[in-house]
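Structure record follows, encoded as structure tokens.
Every read-out reported here was derived from the displayed coordinates using simple, explicitly stated rules and does not represent laboratory data. On a predicted model such as this, the values are computed, not experimentally measured, just so you know. In this analysis, Cβ positions are derived from the backbone assuming ideal geometry, glycine residues included, and neighbour counts consider all displayed protein chains.
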Amino acid sequence: MWWILASLLFAGAMAQDRPLCADNEMFNGRECICAPGYFTSLNNSRARCNDECDNVYKSWFTTGECIEAFKSLKEEQRPACHLRCGLRIAVLAQIALIVILAAALSTLFFTIPMCIATCCSCIQAKRANKNAKRVYNDTQASKSQELSNVGNPYAYSYWPWYGRQ
């Protein structure tokens, strides 16, 4: 039982010697150092941060940049390790995206009116076709009615042979 009490006292004494590290720091056995991915704002550390960011995010379309992770906090409230890698779109990629967006918008701007005009002319053609069919059917019906009213046209011309009794 006494050895449990001794170990707790020893652990308490060791905990008092250990410094209290900030949220983005870790204790390496002797001192608090920045956690992986965080850097201090010292010149040497900033250069190392920029190098690491370039290695991580460097591509045709992106670059890495060292940014301040706690920029919204006041200077005295910021932790010592407040630099972190951030992703940034490369300048040529930004220009390419703007050109692609402009091409898409101009395509829509010039294509939609042509589609509307084509659709309107198609609707007009359908209406004209329907109207033409109606007029044709009406004229055919009136012709057949006229012919039925005429009777036998040969009745009076060719008397002995057609129509008269």
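General remarks:
- Averaged over residues, the count of other Cβ atoms within 10 Å places the peptides 58-66, 87-95 in the sequence 58-66, 87-95, highest first.
- 15 Å beta-carbon shell around Gly37, net charge (K/R +1, D/E -1): -4
- A full extension of the chain between Lys74 and Leu92 corresponds to an added length of 3.0 nm, given 0.36 nm per residue minus the alpha carbon distance.
- Projected label distance in nm at Leu108 and Asn44, using a 7 Å step from Cα toward the beta-carbon: 5.4
- Each Lys or Arg adds one and each Asp or Glu takes one away; over the other residues whose Cβ falls under 12 Å from the Cβ of Gly64, this sums to -1.
- Note on Asp23 and Tyr136: the extension gain reaches 31.9 nm, defined as 0.36 nm multiplied by sequence separation minus the Cα-Cα distance.
- Projection of the Cα convex hull of the range 91-134, averaged over all directions and equal to a quarter of that hull's surface, yields 2.8 nm².
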